[in-house]
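In what follows, a single structure is set out as structure tokens and then discussed.
Here, each number is a calculation from the coordinates, and none is a lab measurement. All figures in this text were calculated on a predicted structure; none of them were measured in a lab. No Cβ is skipped: glycine too gets one built from the backbone with ideal geometry, and neighbour counts run over all protein chains shown.
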Amino acid sequence: MADPSSYRPKPGQIPDSPGVYKFRDDHRRVIYVGKAKSLRPRLSSYFQDLANLHPRTRTMVTTAASVEWTVVSTEVEALQLEYSWIKEYDPRFNVKYRDDKSYPYLAVTLNEEFPRVQVMRGAKKKGVRYFGPYGHAWAIRETVDLMLRVFPVRTCSAGVFKNAERTGRPCLLGYIGKCSAPCVGRVTPDEHRELAEEFCDFMAGRTGAYIRRLERRMTDAAEEMEYERAGRLRDDIGALRRAMEKSAVVLADATDADLIAVAEDELEAAVQIFHVRGGRVRGQRGWVTDKVEEVDTAGLVEDALQQLYGEESGDSVPKEVLVPALPEDQVATDALSQWLSERRGSQVSLRVPQRGDKKDLMATVGRNAQQSLVLHKTKRASDLTTRSRALEEIAQALGLDSVPLRIECFDISHLQGDDVVASMVVFEDGLARKSEYRRFQIKGFEGQDDVRSMHEVIGRRFKRYLAEKERTGEWTEENEGSTAPGENGDNGDIGENADDAADDTTGQIPAAPGENGHAGHLGPSSLKEDDGRPKRFAYPPQLVVVDGGRPQVAAAKRAMDELGIDDVAVCGLAKRLEEVWLPDDDDPVVLPRSSEGLYLLQRVRDEAHRFAITYQRAKRAKRIRTSPLDDVPGLGETRKQALIKHFGSVKKLRQATIEQICEVPGLGRKTAESVAVALAGTAPAAPAVNTATGEIMEDDEGSTHD
């Protein structure tokens, strides 16, 4: 690992002008390419204290052995040079989007004497007009089959074409009217090229004018009583309309635009692009990338634009490019827009949609990107070989005797110390076991203390595990030196609030184990309830993961030591640096960023965080919605709403007499008396104060404060 100070440029050596820079390793390989509107502050930022750098940036600068730069005159030149160098050197620390498949295009070979319509994949060729990409090749063939009736362009291969020339007989498509048969001279090269160009114009979105022209020709033919020709034109119009219907209208103003959306997490990002031509979605594609450098959404968009349009020119670059975010620096945004305009040869609008149909369509593209990222992660997680490798890497990194087939992860969630809750998620054989998820309320204290909360939750979880061992007869004399459940009046916390064990998938609370179990050997049936369901906390994990660093790990280990649990490994995953902490170790375990083991630990940690925050938000929402009327027996939601609507607020309802309450439709005297008693037993909330003026404000809203 290199020391960045060993190759840091001397003060004043770096120019204060736009440019592009390259970091090289000790083998002279380019590992990172970047650009800057001012090289001096940008490069200087890489040579600060390593502790202040993002972990990915720190890895890059310690891998590098030298840095060099090239000065340019404008940011547009910097953008072009950066793209060229990234393409040439393929640096390992730059964002590189990878297609999850090879997308098919509809291609028209305008570089040939007799242009051909065909399906093409792979690198684009000069002189070929492309449309798409499409999700499936059959979608292209269906569209072409409909359009050949109107635009009978050649679709045959070079071998078939030459054979037809030699024999003087066209192929089947020539006989049925779906090819103009230039191979046998039915049309001249110029006439056939005109057909191909009309085909391209129609596919590019210029559909309305052509259909109107056909309709006029059909009407003229009918007026001249050429009904057969009019019928053919009618059928041609129908075929074109069916081809158009295969791509629904999404923008009514016949917009030509590309919409780009990004979904991302800490490690990966997915990009989705919708190609809209003539107001219709003509193609769609998606990319997934590893975030090997510190980059925000605007940076991901910039990289996507470079890789999407770096080799394009002319109409392949649309008039409008809609993105979810732009660089904060307006100069950088203008440079991107100018670069796109140069690629197209005319002005390109680059912006974030703010309202209307384009914003709605952007939301749809965003949902596709999110789904693409989820699908990518699911495919990666569901692969058996990958999961096995991940578990083996974890076992090796943590020094475990065997792979952790059951992993439990704990996370604490609260809002500024209120509604403190915890979650426990379970992964078995690398896959989530949602029926085993549990959630906890922190009861031992009030306020915000994540370390103390973690100690309490781990202690409660393993007290229940030990209680199950004792109840089933697995508790032996070897355990007598430890603190057994039930000592000092502690019954293993079995009688906790039911919220502590809610099932994630059904919302139901699994039945608590009975108090009067019998002794016996631990067989498969001893780990199940009478109805066959697994008991809560009956299965011990091989690895406990806590969301946090050294303090949380120490708290979890201390809780397990207090209970005599010494056969369960524990570690913590610190989110900021993605480091794995072990008890009693001064330094963390750093797994390679590409490690499947690290990826699995991150998935477990993120799932625990999701489950905890979902529960915490639900509790907060329930607390906010609480009203004194909730405790009135026999008073349903409809009559509660009727009371609030009649009086305007709970405050005014509290001031009403029983007779006044009885005036509310649907309320009898007995219910009115219950309402009055319930409200009389609750103190009104403290008056609200305008912090700007000190004025005491009347509470007429009625709802959550009482």
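List of remarks:
- Entries in Lys359/Lys619; Lys377/Lys443; Lys10/Lys87; Lys319/Lys359 that, when Cα-Cα distance is taken, lie over 25 Å: Lys359/Lys619; Lys377/Lys443; Lys10/Lys87
- Taking label positions 7 Å along the Cα-Cβ direction at both Arg56 and Ser38, the computed distance is 2.6 nm, reported to one decimal.
- Rounded FRET efficiency, nearest 0.05, which uses the C-beta distance separating Glu228 from Glu113 and R0 of 30 Å: 0.35
- For the pair Asp566 and Val589, a Förster radius of 22 Å applied to the C-beta separation gives a FRET efficiency near 0.60, rounded to the nearest 0.05.
- Take the Cβ atoms of Gln354 and Asp265, set R0 to 30 Å, and the FRET efficiency comes out at 0.70.
- Distance (nanometres) between label positions extended 7 Å along Cα→Cβ at Asp290 and Val331: 3.4 nm
- For the range 577-619, the spread of Cα positions along each principal axis, largest first, Å: 37, 26, 14
- Using the average count of surrounding beta-carbon atoms within 10 Å as a protection proxy, the listed peptides 51-62, 351-362 rank, highest first, as 51-62, 351-362.
- A straight chain from Asp3 to Val160 at 0.36 nm per residue would run longer than the Cα-Cα distance by 50.1 nm.
- Most tightly packed first, judged by the mean number of other beta-carbon atoms within 10 Å of their residues, the peptides 450-459, 669-678 read 450-459, 669-678.
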